1. Using unit Cβ charges (K, R positive; D, E negative) and no other charged atoms, how large, in debye to the nearest 20, is the dipole of the stretch 81-134 about its Cα centre?
2. Take the chain, connect every pair of alpha-carbon atoms lying under 10 Å apart with a spring to form a Gaussian network, then pick out the residue of Gln302, Gln215, Gln205 with the largest mean-square fluctuation.
3. Quick check: Cα centre of the stretch 42-78 to Cα centre of the stretch 227-295, how many Å?
4. Which of Cys90, Gly21, Ser198 sits farthest toward the positive end of the charge dipole of the chain, with +1 on the Cβ of Lys and Arg and -1 on the Cβ of Asp and Glu?
5. Quick one: which residues, 5 or more positions from Ile184 or on another chain, have an amide H under 5 Å from its amide H? H modelled 1.01 Å from N in the peptide plane, none for Pro or chain starts.
6. Using the Karplus equation 6.51 cos²θ - 1.76 cosθ + 1.60 (θ = phi - 60°), what ³J(HN,Hα) coupling, rounded to whole Hz, does each residue of the stretch 240-248 give in order, writing x for Gly and Pro?
7. Checking the a/c ratio against 1.5 first, then a/b against b/c, what shape does the Cα gyration tensor give for the chain?
8. So if each residue of separation counts as 0.36 nm, and I subtract the Cα-Cα distance between Asp292 and Asn99, what length gain in nm does that give?
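What follows is calculated from the coordinates using simple rules that are stated; it is not laboratory data. Everything numeric in this text was worked out from a predicted model, so none of it was measured. Heads up, the Cβs are rebuilt from the backbone with ideal geometry, glycines too, and the neighbour counts pull from every protein chain shown.
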Amino acid sequence: MQSVFDLLENRNFFKLVCGAGNEDAESVKRLVYIYAKAGCRVFDISARKEILEAAKDGADLAQKDDVHFCVSVGIKGDPHISKAQMNSSCIKCGNCFRNCPNGAIYSSIIIDEKKCIGCGVCAKKCPVGAIKMVDKDVNVREILPYMVENGVEILELHIMGHDKKDLESKWQVINECKPKLASICIDRENFGNKEVLSRINEMIQNRSPYTTIIQADGIPMSGADDTYKTTLQAIAMAEIIQNANLPVYTVVSGGTNSKTAELCNQCDINYHGIAIGSWARKIIKSQLSASDFWENTEIQNQAVELANSLLRSNFFEC
Ligand code: SF4
Ligand code: SF4
């Protein structure tokens with residue numbers, strides 16, 4: 001069995017992002033089942049006991065005992081921990097329902113909070129401003145020690161918010177939990193390059209070399225297209241980390257798709273891994289939502305083949 005360190009050192013670290021805000025246990029179980037069968041070894045899940053159980057069930061059903069779990073939490077203001085909330089000014093135009101990438105809005109225009117991953121697409125598409133994004137925090141002091149005790153090896157903090165006090169307190173909890181690896185997920189939507197590096201330097205100053213992953217997020221939750229343009233910001237972010245010569249592992253994320261490894265190579269980016277969320281979920285969306293998923297091996301095989309081709313397109317051994 002390859003450890004998470006082996007996977008990173010060998011550049012064979014492919015992480016399937018189930019969604020930091022995805023609390024839909026059945027969809028997480030199916031996602032892990034498909035991608036584990038396809039050769040993925042690392043899974044990023046939300047910080048909920050029932051979601052960890054669902055992810056483990058998915059891996060067991062796939063008969064894979066060499067998988068690793070990463071649990072993600074965010075600081076206040078980070079989109080990964082927000083949820084869409086609708087108010088009474090809705091005119092039932094259906095834009096949000098048609099555009100939600102995660103099937104979290106029903107045709108009756110009701111939001112299923114468990115499925116909402118906080119991408120904010122619905123709020124942008126709403127013509128009357130009837131949807132706002134609200135933070136949905138978890139008690140990290142309670143849940144993160146439980147996660148590490150129950151086999152989670154990577155704890156990840158999404159830090160795209162301005163609340164530095166919240167950042168410091170959650171980062172302290174993560175360090176106290178002593179996971180095998182701590183991960184910092186950051187993008188440049190709110191900060192310039194200097195602020196990005198200064199935050200990272202502050203956060204890693206007391207950590208041992210190569211015990212931290214920097215997840216270089218391009219545009220978070222934007223990977224719904226399979227184009228070079230979508231993945232470009234992720235590569236630009238990874239380059240900033242690379243040029244800083246920090247003792248960290250770099251994982252490219254946020255807008256990643258089947259073009260990511262190719263573009264990284266063309267741009268001389270020495271990444272250690274790739275994390276894919278939106279695009280990885282989108283390519284198997286119809287199979288995932290099949291009502292007879294667990295009985296229908298043909299549907300499962302189709303999904304595994306699609307997932308496997310995404311891994312192979314990024315040159316992963318699987
Ligand atoms: S579009 Fe995004 S933010 Fe809106 S309900 Fe769907 S997943 Fe949630
Ligand atoms: S996009 Fe806005 S107005 Fe249209 S159905 Fe959704 S919440 Fe209602």
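1. Numbers: 8 positive and 2 negative charges, 18 e Å.
It comes to approximately 80 debye.
2. Its mean-square fluctuation being the largest, the pick is Gln205.
3. 18 Å
4. Going by the Cα projections, it comes out as Cys90.
5. Amide H to amide H, under 5 Å and 5 or more residues apart or across chains, Ile184 pairs with Leu157, Ile213, Ile214, Gln215.
6. Going residue by residue, I get 4, 5, 4, 5, 7, 6, 8, x, 9 Hz, with x marking Gly and Pro.
7. Working: a/c = 1.36, a/b = 1.13, b/c = 1.21.
It is rounded, given that a/c, with a ≥ b ≥ c, falls under 1.5.
8. On the way: separation 193, 0.36 × 193 = 69.48 nm, distance 2.46 nm.
Separation in residues times 0.36 nm, less the Cα-Cα distance, equals 67.0 nm.
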